[in-house]
Structures are given as C-alpha cells and as structure tokens.
Amino acid sequence: MLEGILQGITTAATPVNLMMVFIGCFAGTFIGMLPGLGPISAIALMIPITYSFEPSTALILMAGVYYGAIFGGSTSSILINAPGVAGTVATAFDGYPLAKQGHAGKALALAAYASFSGGTISAILLLIAAPALASVSKSFQSSDYFALMIMGLTAVSAFAGKGKFLLAILMTLLGLMLSTIGQDQTGVPRFHFGIADLYDGLDFLLLAMATFALSEALMVVLKPQSDTKESEAAAKGKLGSMKITRDEAKDLAPTVGRSSLLGFFVGVLPGAGATIASFLAYGMERNLAPKKEKEKFGKGSLRGLAAPETANNAACSGSFVPLLTLGIPGSGTTAIMLGALISYGVQPGPRLFVENPTVFWSVIISMYIGNVILLILNLPLIPYIARLLALPRQILTPLILFFSLMGVYLLSNNTFDIHLMVIVAVVAIVIRLMDFPLAPMLMGFILGGMMEENFRRAITINDESISFLWERPITLSILIVTILLLMAPLIGTFREMRAKRLRDRLAMDGEL
Amino acid sequence: MTISKEKAGALFFLVLAIAYGMAARNIRLPFGFEEELLTARTMPLILAWATGIVSALILILPNKNSSGDFIAAFRGLNWPRAILLIALMALYGLVLDQLGFLLSTAFFLFAAIYALGERRLLLITGISLAASGGTWFLMNEVFDSGLAKGELLYKLGIY
C-alpha cells in the first residue's frame, strides 16, 4: 500500500497533473455556479478535452471538476439562493439567510473550510477503504459482477426519492434499452433502423451531453430565472468579513467530523450520493443541536451550513469507492467517469488496482491535492468568483450549447451526431418536465453493455446454465440484497395504500 | 379530464415497451443461434417485459405523490425561444459541412445570442467570431484535427 501511495504521489504531483487539478477545480467551480448546470454537465463538457490525455491525468481533471462543481453550487446557493447543484440545496437553508444578514463572506469561507475538511477526511477514509474493498472484490466472477450491476441500478432507483422509485426504474430500463442499440457482443446488429450511423450504437458522451449539458442549458431558457438582479447585486455587493472565530471553529469541529463520516458512507452507497448525504447531515445536526441552536436552523445557523457542506464533499470522495474498486458507479457523476475511463481503454474494478495502480492511487492522492487547491483557490478568490454570477445568461447559454455540440462533433466529425443530440435533448427536456429522473437512465446505458457481457460470460463459464444465480453464494447474496431493495419501496407503497383504505373506511363509518 | 405526469409517462413507456419488444422479436439471428440460451434477442425481450410490467404498475397503482398535471407541466414556459434555439442547432448541423466550421459557428452563435435577447451587435459579433475563430485555431493549428472548411466555399473557389 505504501508503495502505491508513493506511486500515486509521484504521478499526482507532476506539474501537468497539478495543473489539471487546478484547472478542474476552477472550471468546476465556474460551471457549478451557473444555476441549472450540475457536475454531470461539468464533467461531460470536459471529456472531449481529456481524450488526448493519460487516463490518470484525465481522471484527475474530472475529479477536480467534480469537487469544484459542488463548491461552485454552494456559492450560488449562499449568495443568490439558487443552487447550481442538487447536492448544495441544503447549503442554501442557512447559507442564504447568513448572506442576507450581511455575513456572505463568513458563509462562503465556512463553506470552503467545511468542504476542505469533509473532502480531506473522506479522502483518508477512501485511502483505507478502497484497497481493502479492491482486495475482497478480486475474488468476484462475472456472475457476481452481473448481480452487482443489477444491485447498483436497483439501489439508484431505491434512493431516487419518495414516489420516484418506479419512475427511476423505468428510466434505468430506458437506459438499458438504449444500450442495446447497435451490434451486440456476438456481432448481431440490433435496433439500427437501417441507419448506418447507429451500427456501432449510441456514444455515451453524446447521450450524456444531450441529456445533461444541452437539456439543462435549454431548461434555463425555458424557465428563465428571475435572479438576474439579485445575482448582479450579490456579485457587486460587499461580502463582509470572512473570519471565523476560534470559538466558532471549536463549536463546529464535531459537526464537521460527524458529517464527514456520514457523508463518506452515504457516498459509498450506490445511488445515494451528495444530495442525500447533505440532507441527512443537515437533519442529523438539527436533531443533535441543543434547543437554542436548533431554533437558529433555517435562519442562519453556522452548524446548519457546515453540516451539508462537509457531507456533500465527503460523499463525492465516497462515491469513488465503488467506481474504483468494483467498476460500478454509484451516481450519475461517477457513471459518466466510468464511461470516460472505458473509452480511454481503462477498465475500473479490482483489476484496476492490479493492472493500473498508477490510475488508482493517483486519483486518490489527487483528492487531497484537489481539496487543498480548492481551499487556496476559493478563499482569496471568493469576491471575484462571486462576480461570475453576474455574467449574462443570454451569452453563456449559447456558448454552453456550442461547446456541448462541439464536444461530440469534434470526436466524430459527423453532423449526424449534432442532429441526434438535438433529438435526444428535446426528449430529455420532455422527461425533465415530467419529473422523471435522468441520472438512472445514464447509469443504465453505461452499465447495460457490461451487464449483458458479464451475463454472457457467466453463462459460458457455467456450461450454458443460469444455475449460478442461486448456486454461487456471492451472486445469490447480492441478488437477495437487490430483491430486498426492490421490495422495500413497494411494500411501503402497499402499506400506505392499506392504511389509506382503512382511514377512508373509518371516515365513512363516522359519517354514517 | 386530467392525467398526471406519472401516468402519462407510464403510458408512453408501455407503448415503447410493446414497440421495443416487437422490434426485439424481429432481430435476425445468425443460422444455428436460435437455440442458444442467450442470444441478441434475450436482453431486449427481458427489458421489454420489465418495462411493460413496471409501466403497468404505475398505471394501476394510485398516485400518492403526484407531481402534477401532464398538460400543465408544459404550460407557462418560454417555448418560442427554446424552439428557436433547437431549430438553430438543427440548422447548424445542416450547414456545418456546406458553409464550413468558421462561418456556420459564427452564424449560429450570433443568431443564438441575438435570439436570447442580447442587442449589443458589436458584442455579439465579437463573441461569435472569438469563439469560432478560437476553436478553429485550437483544433486546426494546435490539435491538427481538420475541421470542415465548407464544401460550398470550395465550389465557389473561395479556398
């Protein structure tokens, strides 16, 4: 392990990679600040640039963009109450009231410190957890991976939110369907509708750009935000003192510690991620706070700001654990990184730990560096970064559309891709307006091909039989967990239906 | 009568599942592969069945957390501008090979920024030319990727 860490430091600390962390953090902060654009779009926009890079350099850049986007989202949450990222919605609960009370500088500084602490503590946990899980997963076979992928996709749906479980499952299935377009592993063409450009299937970058970057930019046009004046005022206004007193730091230290641990473990769970982590941490701190402090929550509590900020950054690091060790993404953001890694010719999973230790360790080490750079970058630059909020949307949106289209076109030099992106973006807008979650679709699409491949391999290994599903203990255990995950929301639905029926009957009896 | 967003979506998915399932049954398998346990049809057929079942479940089960009416979700939005941008992107894809990267990109950016309400023509021109020229220089001169110069311009003898 020590050798690996040293190897990681050597790779991550090269001038090129350090520059990539810096660029990634800066670009991520900028994109994350734009309301409507999340980390998936931020990373998708970076992928075309990374194709000529070494896989470790590319992943380091993307990881930097990821943290940067989360921090950028916090800035717009605090200053204008418009979270650029879902993971920073909870940040606005107390960050925005603090800014309104004239403590924007303090809130932003606290967000930067909390993000740094959460990111650093979870990076240490990642250093311990990732190699341990990678060694365990070395004994995994194709059938186990197949089961794990089903579990990952089910978990993403299970954590999609109240009332969204079945919708998320449908979107996952849509992603899986899209992954079947083009030739299968045996070379049989499917669902190409006679269009030669579809013989090789859909490109993951095209799908990611169209469903996230393009459609998010178009949604900003469809639902114009009325925050322009507020943004300009926030950008030009004074932020106030950025100092955090020793007593405040002392008071917040346990909050940061608890939220880091919670954030990391929630981040490791497939499907959970930064949004759930930040809400859970906020809820936990509110419950643990003494009565006097509890009353401050929602009105500008420092604890209420530190908890979600720490947890969302910790969850970002946590979400790398399943990606690096099992090759299974736990969120839409890590799914897009998985897609990028596969296109670089790197297969994440336990083999990554053995075959590409440089990538594995340098990414982990770069997380420490990324957190330090984010702190260095954000603290002194906060007043200037805030001015970015005043950039006119009517100029930014067309540029985002252009870079999204170019990102895909430059790789294929085929205008068919531009038209396909426009069609996919229109469908994605309809899906967004209908409140169906899009991230499960992206995960289904990326895991679809791998799932079918692993299933095929498992059948071949087991002499054309599917008995491995119940005969192999690891596969069976994972499938049982999957069934439990699948049943839990359904049982909840049926219970509520029964309770409602009972209430209705009682009400009717009462009327009679 | 109103229909909720979830039910409308589920109905769409049900139709999709039927169409996809039918298309899956028509996948041509190589001779001798029909009897295999896992063929190119297997996963699509499983997906079609699963999608059909889940969408039917959404249609049957009552909506306890409905996020609103299907038609209302599409009302009150700035459709003209969004449709204009979508049309501009489609047009950009159509003229890119003919007019070449530089001209078509500058035109697309100018039109898109103008469509979104910016009226400072000098600023729009500057941004459009800088973005298209900058990308052209970066891709052609630095990365040597050879962006489209424009067939129409070639026919007109401009380059």
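The values are calculated or read from the model by the stated rules, or taken from the named source; none is laboratory data. Here the structure is a predicted model, which means the values were calculated and not measured. Every residue, glycine as well, gets a Cβ built from its backbone with ideal geometry; the counts of neighbours run over all protein chains shown.
Taking segment B:1-35 as the range and being facing chain A (nearest Cβ under 8 Å) and closer than 19 Å to residue A:163 by Cα as the test, the residues that pass are B:5, B:6, B:8, B:9, B:10, B:13.
I'd like to know if segment B:36-45 contains one or more residues that are more than 8 Å from every other protein chain (Cβ to nearest Cβ), farther than 30 Å from residue B:157 by Cα, of a type in the set (A, V, I, L, M, F, W, C) and in a helix (DSSP H, G or I). Yes: one or more hits. The number of residues in segment A:54-76 being under 28 Å from residue A:7 (Cα atoms), assigned to a helix (DSSP H, G or I) and not hydrophobic (A, V, I, L, M, F, W, C) comes to 7. Within segment A:156-197, being surrounded by fewer than 22 Cβ atoms within 10 Å (Cβ to Cβ) and away from every other protein chain (no Cβ under 13 Å) holds for A:195, A:196.
Look at residue A:281 and say whether it is in contact with a Gly (Cβ under 7 Å, 6 or more places away or on another chain), within 20 Å of residue A:68 (Cβ to Cβ) and at pLDDT 90 or above. So residue A:281 does not fit the description; no.
What number of residues in segment B:102-141 are over 25 Å from residue B:83 (Cβ atoms) and acidic (Asp, Glu)?
1
If only residues of segment B:98-129 that are surrounded by fewer than 14 Cβ atoms within 10 Å (Cβ to Cβ) and not small (Gly, Ala, Ser) are counted, the one that is nearest to the other protein chains (Cβ to nearest Cβ) is B:123. How about segment A:328-363: which of its residues are within 13 Å of residue A:56 (Cβ to Cβ), in contact with a helix residue (DSSP H, G or I) (Cβ under 6 Å, 6 or more places away or on another chain) and part of a helix (DSSP H, G or I)? Matches in segment A:328-363: A:337, A:340, A:352, A:357, A:358, A:359, A:360, A:361, A:362, A:363.
Restricting attention to segment B:138-159 and to residues that are in a helix (DSSP H, G or I) and exposed (fewer than 11 other Cβ atoms within 10 Å of the Cβ), the residue that is nearest to the other protein chains (Cβ to nearest Cβ) turns out to be B:142. Listed by first and then second residue, the pairs with beta-carbon distance under 7 Å, at least 6 apart or on different chains, first residue in segment B:140-157 and farther than 16 Å from residue A:407 by Cβ, second modelled with pLDDT under 75, are B:140/B:146; B:149/B:159; B:153/B:159. Evaluated against (1) more than 7 Å from every other protein chain (Cβ to nearest Cβ); (2) among the aliphatic types (A, V, I, L, M); (3) touching a residue at least 60 places away in the same chain (Cβ under 8 Å), residue B:95 falls short on exactly one condition, (3). Number of residues in segment B:79-120 that are among the polar types (S, T, N, Q) and under 15 Å from residue A:398 (Cβ atoms) equals 2. For segment A:98-112, a residue qualifies if it is surrounded by fewer than 22 Cβ atoms within 10 Å (Cβ to Cβ) and modelled with pLDDT of 90 or more, but none of them does.
Is there a residue being within 17 Å of residue A:117 (Cα to Cα), in contact (Cβ under 8 Å) with a residue 12 or more places away in the chain and of a type in the set (Gly, Ala, Ser) anywhere in segment A:384-393? No, segment A:384-393 contains no residue that is within 17 Å of residue A:117 (Cα to Cα), in contact (Cβ under 8 Å) with a residue 12 or more places away in the chain and of a type in the set (Gly, Ala, Ser).
Which one of these is touching a Lys or Arg at 6+ places or on another chain (Cβ under 7 Å) and modelled with pLDDT of 90 or more: A:451, A:421, A:434? Spell out how you get there, then give the answer.
On the way: A:451 fails: touching a Lys or Arg at 6+ places or on another chain (Cβ under 7 Å); A:421 fails: touching a Lys or Arg at 6+ places or on another chain (Cβ under 7 Å).
Among A:451, A:421, A:434, only A:434 is touching a Lys or Arg at 6+ places or on another chain (Cβ under 7 Å) and modelled with pLDDT of 90 or more.
Criterion first (more than 10 Å from chain B (Cβ to nearest Cβ), in a loop (DSSP other than H, G, I, E, B), hydrophobic (A, V, I, L, M, F, W, C) and closer than 21 Å to residue A:440 by Cα) does residue A:207 satisfy it? It is false that residue A:207 is more than 10 Å from chain B (Cβ to nearest Cβ), in a loop (DSSP other than H, G, I, E, B), hydrophobic (A, V, I, L, M, F, W, C) and closer than 21 Å to residue A:440 by Cα.
Taken over segment A:1-53, the criterion of being touching a Leu at 6+ places or on another chain (Cβ under 9 Å), closer than 18 Å to residue A:407 by Cα and assigned to a loop (DSSP other than H, G, I, E, B) is satisfied by A:37, A:51, A:53.
Only a single criterion out of (1) facing chain A (nearest Cβ under 7 Å); (2) under 30 Å from residue B:3 (Cα atoms); (3) assigned to a loop (DSSP other than H, G, I, E, B) is not satisfied by residue B:76, namely (1). Consider residue A:88 carefully, then state whether it is within 25 Å of residue A:330 (Cβ to Cβ) and at pLDDT below 85. The answer is yes for residue A:88.
When residue A:334 is tested against (1) closer than 22 Å to residue A:121 by Cβ; (2) crowded, with 20+ Cβ neighbours inside 10 Å; (3) touching a residue at least 40 places away in the same chain (Cβ under 8 Å), just one condition goes unmet, and that condition is (3).
Residue-wise test of (1) of a type in the set (A, V, I, L, M); (2) within 30 Å of residue B:109 (Cα to Cα); (3) crowded, with 21+ Cβ neighbours inside 10 Å.
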position	(1), (2), (3)
A:386	yes, yes, yes
A:425	yes, yes, yes
A:432	no, yes, no
A:448	no, no, yes
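For segment A:463-486, filtered to residues that are surrounded by fewer than 12 Cβ atoms within 10 Å (Cβ to Cβ) and under 27 Å from residue A:172 (Cβ atoms), the residue that is farthest from the other protein chains (Cβ to nearest Cβ) is A:473.
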